[in-house]
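One structure is given below, encoded as structure tokens.
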Amino acid sequence: MRITAGGVGKPEMARIRVRVEGVVQGVGFRPFVYGVASRLGLAGFVGNDGRGVVIEAEGEAAALDCLVDALSTQAPPLARVERVTVEPAAVTGLAGFTISASDSSGSRTVLVAPDTATCVDCLTEMADPGDRRHAYAFTNCTNCGPRYTIVRELPYDRPGTTMAAFVLCEPCEREYRDPLDRRFHAQPVCCPDCGPRLRLVSADSALMAGDPVSGAAGLLAEGAIVAIKGLGGYHLAVAASNEEAVSNLRSRKHREERPLALMVPDIEAARRLCVIDDVEEALLLDIARPIVLLERRSDAGIAASVAPGQRGLGVMLPYSPLHYLLATAHPDPLVMTSGNLSSEPIAYRDDDALNRLAGIADAFLIHDRAIHTRVDDSVLRASRGGPLPIRRSRGFAPAPLTLPWEFPRHVLACGPELKNTFCLARGRHAFVSHHIGDLENHETLQSFTEGIEHFRRLFSVAPEVVVHDLHPEYLSTKYALECDAELLGVQHHHAHIASCLADNEVADPVIGVAFDGLGMGTDGTLWGGEFLVADLAGFTRAAHLAPVAMPGAARAVREPWRMAAAYLDAVFGLQWPDAPTLKAFRARHETRLDQVLSMARAGLNSPLTSSAGRLFDAVAALAGVRDTVSYEGQAAIEFEQLADRSEPGRYGARIESSSGLVHGSDLVAAALADLDAGVAVPVVAARFHNGLAAVVVEVCERLRRDTGLAAVALSGGVFQNVLLVERCVAGLEAAGFRVLTHRRVPPNDGGISLGQAAVCGARDRLSC
Ligand SMILES: [Zn+2]
Ligand SMILES: [Zn+2]
């Protein structure tokens, strides 16, 4: 926040013109200013325009100072004040302070707030039988409720939202017009008389009699699957303790083995399922209400098929009034997973949801407030005393990341293929989109292209340069290539490191460790175990994992045992020793092993990769954790979860100083020797993690000797692995490095678009 002071401080009467920028519309800022100004006896007005809030205030200098001070120190809970600019104005002598209507003229640089959880005041009203909003599922106020998901256009006023269809009743209108009311200019304000209504309908769309919430709770208690319309889309809910109901949901949804998220009524209920520390509690209670990945208690009493193979559970607390009502009627934990078939985006339009989910849900708890933008739940883990974002979406998007540097030109960064987000940037703001998903079907591609158009309008960005990944087959790359603008290709792992730098507001060069699944390298091979010497504008590939074949290309991602075979080939060549682990491995893959090995050796459909994710796959498969996976990274995730955290031992790997090659196959050979010696898999998993972390530290120390750089940025999807992060951070800090990890955007591909935009901005600044 910056205060640029003009002519404040004159004695006697003065008038100032104040501009407030940031998230200041739709968050109760004008009534707040009205209240402060009235208390201070100031005259003037406060209003919205396309850039934020404008205030003119007239009175004694000391009172004016108090007003300016209060703007940043006492702002309402959802406001984010980024800049206050004060200039002197001519004294008018007019009395009284007023709130003026919105002005949609001028350029639009105002910021739309993310959706936020129901506030305590609204919950109190909902619980009060005497209140006119008692048990009303759409209660909200200036301090809470839907925002981004209902915004059609700016300025943020009721006609620009999906609440435009609901005409305010007289009491609501009074609250909306009263500057001292908590609902003054709360755009989604409504009540049971004038607002949206709930309905419970059967799978064939027939209206079900009775109270919709208690009806839905009754169905859930009986084991039914209920589709529930939330803030950003539909959830599918079942009772989490009912094994039959949960496996039913899994099979109808075709959601193989991905863990399902849970919703519990409150923090105490969450504690009955999981071990929760202070940081995790704060994340659960954050007004964004993300899903937080937590360690499951052994007595959690949750159906096994909620999160097969997982030590953890993804848990969130209620965030909409409807969730609170449902949690009261059904206090036991609910599975709340996104309402889609696997791989499709979450359903958010009613007709579409009723269509697509009809084969899954037994009933639908729906309402008539439209969702304009589909936004999935956000997912976080705790790491290093703060959040480690896994998916940044509802509750966070579209709040911009404010960076300490200007973007000289308007930028559109198209992001990657999987876990796509895009990013628009201008000024010092990077607007990273909500989670779009994997760009592999028509629906997701459509939300990508529509999302870009919506963001361009909302944030007045007219891209002069469009950034894309180097992978020519990514649909996001193809989209970029068809844009009528200057193009910039940014290497995938450079984008990861730039994303981590932007996340941490660091512009200095660093040693960047980018470990992920796969990304196109500048040499046309697939990278993913990279040590870069990088800053925002450029990089050199200083070291990397020695490449191995991926026999069967994409099939090797779905079948980690193929990576184990390729690594064993790198270790032993044609002469595999007669060891028990190898015998077992051979026996499991007897029919295809020789074929896969000859394919790898001949280089047939076996691209080379230096991917760290594939190295994890290889060791996990060899340890018998998983030969095939139903989602990318599954083997590595399960391998991390079963590691024995108390094991201090570690494997080693050769590092070639001339070529910078790191022999990951040494880690595989060491794991194999341990497995043959009968060492338990959790110990092997721990020694592998510790060994890889030690390799990271050693390579970074060598690069520090060469370059003098003493800061390390860790990015890429492999660094969602908290055990690896902890071990790398501990080792690097002990060696005297400053370590940067992600806080605001995910280390996985969800953060790529920010990195792409940051690279573009840095290059533009160099050429200015
Ligand atoms: Zn509220
Ligand atoms: Zn009303």
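Summary of computed values
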| item | result |
| --- | --- |
| Euclidean distance between Cα centres, region 200-256 to region 711-747, Å | 40 |
| Highest-first arrangement of 52-63, 569-580, where packing means the average Cβ count within 10 Å | 52-63, 569-580 |
| Gap separating the Cα centres of region 287-345 and region 17-92, nearest whole Å | 41 |
| Positive dipole terminus of the chain, leading residue within PRO416, PRO318, ASN140 (C-beta point charges) | PRO416 |
| Accessible-area composition of region 621-768, carbon plus sulfur, in percent [1.4 Å probe] | 51 |
| Distance between region 153-174 and region 493-537 - C-alpha centres, whole angstrom | 46 |
| Dipole moment magnitude, nearest 20 debye, region 572-731 about Cα centre, only Lys, Arg, Asp, Glu C-beta charged | 180 |
| Degrees between helix 492-503 axis and first principal axis of the chain (Cα, 0 to 90, nearest 10) | 40 |
| Net charge of Cβ neighbours under 9 Å - reference LYS229; Lys, Arg +1; Asp, Glu -1 | 0 |
| Spatially close lysines, pair count over the chain: Cα under 30 Å, gap of eight or more or interchain | 4 |
| Within the chain: Cβ-based charge dipole about Cα centre, in debye rounded to nearest 20 (Lys, Arg +1; Asp, Glu -1) | 540 |
| Carbon/sulfur fraction of accessible area - region 329-458, other protein chains in place, 1.4 Å, % | 48 |
| Heavy-atom surface of the chain, accessible at 1.4 Å and reported per residue (Å²) | 36 |
| Highest-first arrangement of 346-358, 502-514, where packing means the average Cβ count within 10 Å | 502-514, 346-358 |
| Stretchable slack from MET208 to GLU12, in nm (0.36 nm times residue separation minus alpha-carbon distance) | 63.7 nm |
| Burial ranking of peptide ranges 87-95, 668-676, 423-431, 300-308 (average Cβ count within 10 Å, highest at the top) | 423-431, 668-676, 300-308, 87-95 |
| Length gained when the stretch GLU243-ASP368 is fully extended (0.36 nm per residue, less Cα-Cα span) | 41.8 nm |
| Cα→Cβ-extended label distance, 7 Å offset, between LEU766 and ARG197, nm | 6.3 |
| Calculated FRET value between THR540 and ASN605, using beta carbons and R₀ = 22 Å, to 0.05 | 0.10 |
| Region 198-307, accessible surface, carbon-and-sulfur percent (1.4 angstrom probe) | 50 |
| Fully extended contour minus Cα-Cα distance, from ARG349 to ASP121, at 0.36 nm per residue | 79.1 nm |
| Most positive-pole-ward Cα, ALA693, ASN721, GLY755, against dipole of region 660-768 from beta carbon charges | GLY755 |
| Computed E for SER251/ARG588 - FRET, C-beta separation, R0 30 angstrom, nearest 0.05 | 0.70 |
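The values are calculated or read from the model by the stated rules, or taken from the named source; none is laboratory data. Keep in mind that what you see is a predicted model, and the values were worked out from it rather than measured. Please note: Cβ atoms are built from the backbone with ideal geometry, for glycine as well, and neighbour counts cover all protein chains shown. The protein model used for the area step is the full one, side chains on, heavy atoms only, and it has no ligands, DNA or RNA in it. Shrake-Rupley method; radii C 1.70, N 1.55, O 1.52, S 1.80 Å.
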